[in-house]
Amino acid sequence: MAGSVLGDQVRSFNRVVTQRVGALDDRYLGRDRPLGQDRLLWEIGTEGCEVRALRSRLGLDAGHLSRLLRALEEAGLVLTAPSPADCRIRVARLTSRGASERAVLDRRSDELAESILAPLDAGQRDELVAAMRTVRRLLTTAAIEVRRVDPDGADARSCVRAYFAELDRRSDSGFDASSGISAEPHELTPPAGRFLVAYVRGEPVGCGAVKHHPGQPSEIKRMWVAESARGLGIARRLLAELEADAVVSGATAARLETNKALVEAIALYRSAGYVEVPAFNDEPFAHHWFEKQLPSARQS
């Protein structure tokens, strides 16, 4: 019964929103296209976008996306062509007419937002905007996907580069990956370890890894979440999945070390049950060392 009531609430919310924003209209915002085409026009953006990225971000199958692009091309708003860097990759770009149309959509979208808020008093506006912010955050959280990936794959390497860049930016002394404890791809590939990447709408936004040592605690490594995706519980989810992998490997404890500048990470580890311990390695970049006792595979 509870599930049915919740489902009714979700459907009711969807009906109100889709009607109020005009998602059901064939002429969204008074233009000659439905919302799907205009959403794609906006997503392509002023810089253009790879077709595969559009498909991933919007959660569309190849056939549906192809039909949307074809409609925009026939209207003279979009051109799709091979990438100059790699002819195997198709890139969609706005024509000059498409850019002008996108500007019109932005303006009319602002007008729609103002019309929604206009009948409300100041307190009601604040309440509605705060509720929208909460809904957006929770829907984004629900869309997070954590995948086990090749630690030498493109998404893993992209996340690690961003992680190293942030460490270098935030550390007083800079960061040199070559001088620290190793976490090479072969050390993070089963059965030696595991590498996870978190995705939001197909975009990699976080990573984490674990190294296993038979008869010893497993090591948590490469924990990072993009600034744009923080506050969604991604790091905690990555940490929990890495700990679960450590349990399966037979480890009874997990260890990690971190830099004093990473105050958010330190707070996460402490709240997740990690206890600060004496240094267990000679990682030159670390100021804090943590350990957590894990349940046995039978208990979990």
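The values are calculated or read from the model by the stated rules, or taken from the named source; none is laboratory data. All values reported here derive from a predicted model rather than from experimental measurement. Backbone-built Cβ (ideal geometry, glycine too); neighbour counts: all protein chains shown. Only protein heavy atoms, including side chains, enter the accessible area calculation; ligands, DNA and RNA are left aside. Shrake-Rupley method; radii C 1.70, N 1.55, O 1.52, S 1.80 Å.
Quick look at the values:
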quantity: Inter-label distance, nm, simple model (7 Å from Cα along the C-beta direction), Ala99/Ala118; calculated: 3.1
quantity: By average C-beta atoms within 10 angstrom, highest first, the peptides 83-93, 120-130; calculated: 83-93, 120-130
quantity: Amide H within-cut-off set for Val146, under 5 Å, with H built and near neighbours excluded; calculated: Tyr199
quantity: Between the range 246-277 and the range 177-209, the Cα center-to-center distance that results, in Å; calculated: 16
quantity: Shape category assigned to the range 121-173 from the gyration tensor of Cα positions, a/c cut at 1.5; calculated: oblate
quantity: Projected-area mean, the range 144-300, by convex hull of Cα positions, square nanometres; calculated: 8.7
quantity: Residue with peak Gaussian network fluctuation, the chain [Cα springs, cutoff 10 Å], from Ala53, Ala118, Ala246; calculated: Ala118
quantity: Net charge contributed by nearby residues that have their C-beta within less than 14 Å of Gly59 (K/R +1, D/E -1); calculated: +1
quantity: At R0 = 25 Å, FRET efficiency that the Cβ-Cβ distance of Asn14 and Glu227 yields, to 0.05; calculated: 0.25
quantity: 5 angstrom amide H check on Met223, placed H, neighbours 5+ away; calculated: Ala209
quantity: Charge tally in the Cβ shell below 12 Å around Val277, where Lys, Arg are +1 and Asp, Glu are -1, Val277 excluded; calculated: -1
quantity: Selection from Phe195, His212, Leu65 lying farthest towards where the dipole of the chain points positive, charges on Cβ; calculated: Leu65
quantity: Lys, Arg +1 and Asp, Glu -1 on Cβ, resulting dipole of the chain about Cα centre, debye, nearest 20; calculated: 740
quantity: Hull-based mean projected area of the chain, where the convex hull spans the alpha carbons, in square nanometres; calculated: 21.2
quantity: Separation in nanometres of the label points that stand 7 Å from Cα toward Cβ, at His287 and Asp126; calculated: 3.7
quantity: Shape of the range 231-300, Cα gyration tensor, a/c cut at 1.5; calculated: oblate
quantity: Cys87 paired with Arg148, simple spin-label distance in nm, labels 7 Å along Cα-to-beta-carbon; calculated: 3.9
quantity: Low-density loop cleavage sites - GluC sites (Glu not before Pro) in the range 9-98, where at most 14 other Cβ are within 10 Å (DSSP); calculated: Glu47
quantity: Sparse-neighbour loop sites [trypsin sites (Lys or Arg not before Pro); the range 140-247; at most 13 other C-beta within 10 Å; DSSP]; calculated: Arg230
quantity: Cut-off under 5 Å, modelled amide H: who pairs with Gly48 long-range; calculated: Leu94
quantity: Residue (of Val277, Ser100, Ala261) at the positive-pole extreme of the chain, dipole from beta-carbon charges; calculated: Ser100
quantity: Accessible surface, the range 173-300, averaged per residue in Å² (probe 1.4 Å); calculated: 48
quantity: Cα gyration tensor category, rounded, prolate or oblate, for the range 29-149 with a/c compared to 1.5; calculated: oblate
quantity: Proximal charge balance of Arg27 [Cβ under 14 Å; K/R count +1, D/E count -1]; calculated: -2
quantity: For the range 140-265, size of Cβ-based charge dipole, Lys and Arg +1, Asp and Glu -1, in debye; calculated: 220
quantity: 14 Å tail of the calculated P(r), the range 94-133, as % of Cα pairs; calculated: 59
quantity: Carbon plus sulfur fraction of accessible area for the chain, probe 1.4 Å, in percent; calculated: 53
